[in-house]
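Just so it is clear, none of the values below were taken in a lab; they were calculated from the coordinates. If you're wondering where the values come from, they're calculated on a predicted model, not measured in any experiment. Cβ: placed from backbone, ideal geometry, glycine included. Neighbour counts: every protein chain shown.
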Amino acid sequence: MTELRFRPLALASGLILENRLVVPPMASQTADTEGLATEATLAHYERLTRSGAALVMVEYSFVSLAGRGDPNQLGAHSDDCLPGLTRLAQLLHQQGVKTGLQLTHCGGKASAEISGDLMGPSGIAVPAYDRTLETPRAMTDADIQAWRQDFIGAARRAELAGFDLVEIHCAHGYGLNQWLSPLTNQRQDRYGGSLENRARLLMEIIEGIRLAAPTLEIMVRIPGQDGYPEGLSQSQMKEVARRLVAAGVSLIDVSSGIGGWNRPKSRRGEGYLVEESRALCGQVGAPVIGVGGIESAEYMEQALSEGWLDLAAVGRAILKDPDAFRRQQMLPRALAHQEEPA
Ligand SMILES: Cc1cc2nc3c(=O)[nH]c(=O)nc-3n(C[C@H](O)[C@H](O)[C@H](O)COP(=O)(O)O)c2cc1C
C-alpha cells in the first residue's frame, strides 16, 4: 500500500498536488528594498524545491507599501514586481512543483518606520509573544476600501505571474488576523462586533479575488485560535473556515493567531500546533494543512491516518537541509532533479 504522504490530492478545482507535503511560506529577506525578487530569491526557492514537497509556498509578500513589515520583504504591490514574480513562478514550475504566493498586509504588526503609516482596525497595539508593538491608528472607510483593492490587485498580479494559488495571510497577528480578532478589532461599525462583521473584510477580499483572478486557487492561512484568552477560539475559527470554503476557498492552512507563529512555551513536541488543524480537518469542506515542528515520516503517516491534517507543512526542517529531508522522507526527487545522482 502506498504510504499516505505519497498520495496525490486533487483540490476542488482540479489542481493536483503530487504528495501531501508543503513548504509553508517563510520570509527569506532576499528581495531588494523595492520589494523586487533578486537572484538570491530565485536561488532560495530552487533550493527549497529539492525537499520533494508537492507545494512550495512563496513567503509573505506585501500588498501595499503601508502593509510592509520588513525592508527586504518581497512585494506584490505594484506591476514592477511582475517580472520577478513571473520568473519565480516559472522556476518553481520548471522544478515540478505547484506554487502559491502568500499575500499580507501587516497592519498594526509592522513599524511606522518601515510601513510609513501604522494602521489597524482599532487603535490597539497588537499583542505579541516576543515584543511590544507600537499602537496603530484606527482605519477609516477609505483605508478599508484601499486594503480590499490592494489584496485584489496583488492577487491579480499573482495570477498574471503564473502562480497556481494565492494564500491570504490571516494568521500570526498580521493585518487580517487583527480584523478577525476581538482583541484588536473593537470597532462599532459593520466591520466590528459580531464574528460575521469582523470577518467581513476578509470575505470581501475573497469575493473580489474570485472575480478579478478567476483561475487562481485561493487558500487562507488562519489561526486555529489566538494565543490569548478573549481572542479567537477554535469554534469561531471553525465557523470562519466553513464560510471561507462556502465562498470558494479551496485550502485551509491552520497555524497560530495573535501572538505569532513561534512555539508557545506551553506547546511541546513534534506537531506542536497540529491540534489546531485536527479541530478542523474533515469538518470544513476543504482540505486542511497542519504545521508546527513536523519532521518525521512516522509523524506524518500518523497525522494523515488519524485525520489530523490532509497536508503537512514542514518549515524549518526543510529550510535547514532540503536534500536531507527528502532522503529521510524517502520522497522521489521533484521532476527537475530526477536526472541527478542521489
Ligand atoms: C524563517 C521563517 C520565516 C517565516 N516566514 C513566514 C511567512 O512569511 N509567512 C507565514 O505565514 N509564516 C512564516 N513562518 C512560519 C512558518 O510558515 C511555519 O508556520 C513555522 O515555521 C512552523 O513550522 P515549522 O515548525 O515546520 O518550522 C516563518 C518561519 C520561519 C522559520
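Does residue 269 meet the test of being crowded, with 17+ Cβ neighbours inside 10 Å, assigned to a loop (DSSP other than H, G, I, E, B) and over 18 Å from the mean Cα position of the chain (by Cα)?
Details: crowded, with 17+ Cβ neighbours inside 10 Å: no; assigned to a loop (DSSP other than H, G, I, E, B): yes; over 18 Å from the mean Cα position of the chain (by Cα): yes.
No; evaluated as a whole, the condition is false for this residue.
Do you know which residues across the stretch 56-90 are among the aliphatic types (A, V, I, L, M), crowded, with 20+ Cβ neighbours inside 10 Å and more than 15 Å from the chain's Cα centre (by Cα)? Explain how you work it out, then say what you get.
Filtering the stretch 56-90 for residues among the aliphatic types (A, V, I, L, M) gives 56-58, 63, 65-66, 74, 76, 82, 85, 88-89.
Among the residues that remain, those that are also crowded, with 20+ Cβ neighbours inside 10 Å are: 56-58, 63, 66, 74, 76, 85, 88-89.
Passing the criteria: 66, 85, 88, 89.
Of the residues that make up the stretch 194-202, is at least one outside any helix (DSSP H, G or I) and under 21 Å from residue 250 (Cα atoms)?
Let us first name the residues in the stretch 194-202 that are outside any helix (DSSP H, G or I), namely 194, 199.
Next, only the ones that are under 21 Å from residue 250 (Cα atoms) stay: 199.
So far as the stretch 194-202 goes, yes, one or more of its residues are outside any helix (DSSP H, G or I) and under 21 Å from residue 250 (Cα atoms).
Scan 261, 179 and give me the residue that is in contact (Cβ under 8 Å) with a residue 24 or more places away in the chain, part of a loop (DSSP other than H, G, I, E, B) and either within 25 Å of residue 68 (Cβ to Cβ) or in contact with a Ser or Thr (Cβ under 6 Å, 6 or more places away or on another chain) (or both).
Numbers: 179 fails: part of a loop (DSSP other than H, G, I, E, B).
It is 261.
For residues that are of a type in the set (S, T, N, Q) and surrounded by 16 or more Cβ atoms within 10 Å (Cβ to Cβ), scanning just the stretch 1-55, find the one that is nearest to the chain's Cα centre (by Cα). Walk me through how you get there before you give the answer.
Narrowing the stretch 1-55 to residues of a type in the set (S, T, N, Q): 2, 13, 19, 28-30, 33, 38, 41, 49, 51.
If we keep only those that are surrounded by 16 or more Cβ atoms within 10 Å (Cβ to Cβ) too, we end up with 19, 28, 30, 41, 49, 51.
Numbers: 19: 19, 28: 14, 30: 18, 41: 18, 49: 17, 51: 19 Å.
Looking at the filtered set, the residue picked out is 28.
Where in the stretch 6-121 are the strands (runs of 3 or more DSSP E), entirely inside, with at least 2 residues that are more than 19 Å from residue 261 (Cβ to Cβ)?
Details: elements: 21-23, 55-62, 98-104.
Where strands (runs of 3 or more DSSP E) fall fully within the stretch 6-121 and carry at least 2 residues being more than 19 Å from residue 261 (Cβ to Cβ), they are 98-104.
Return the residues of the stretch 295-317 that are assigned to a loop (DSSP other than H, G, I, E, B), under 17 Å from the mean Cα position of the chain (by Cα) and either more than 7 Å from the ligand (Cβ to nearest atom) or among the hydrophobic types (A, V, I, L, M, F, W, C) (or both); say none if nothing qualifies.
In the first step, residues of the stretch 295-317 are kept if they are assigned to a loop (DSSP other than H, G, I, E, B); the result is 295-296, 306-310, 314-315.
Those still in the list that are under 17 Å from the mean Cα position of the chain (by Cα) too: 309-310, 314-315.
Result: 309, 310, 314.
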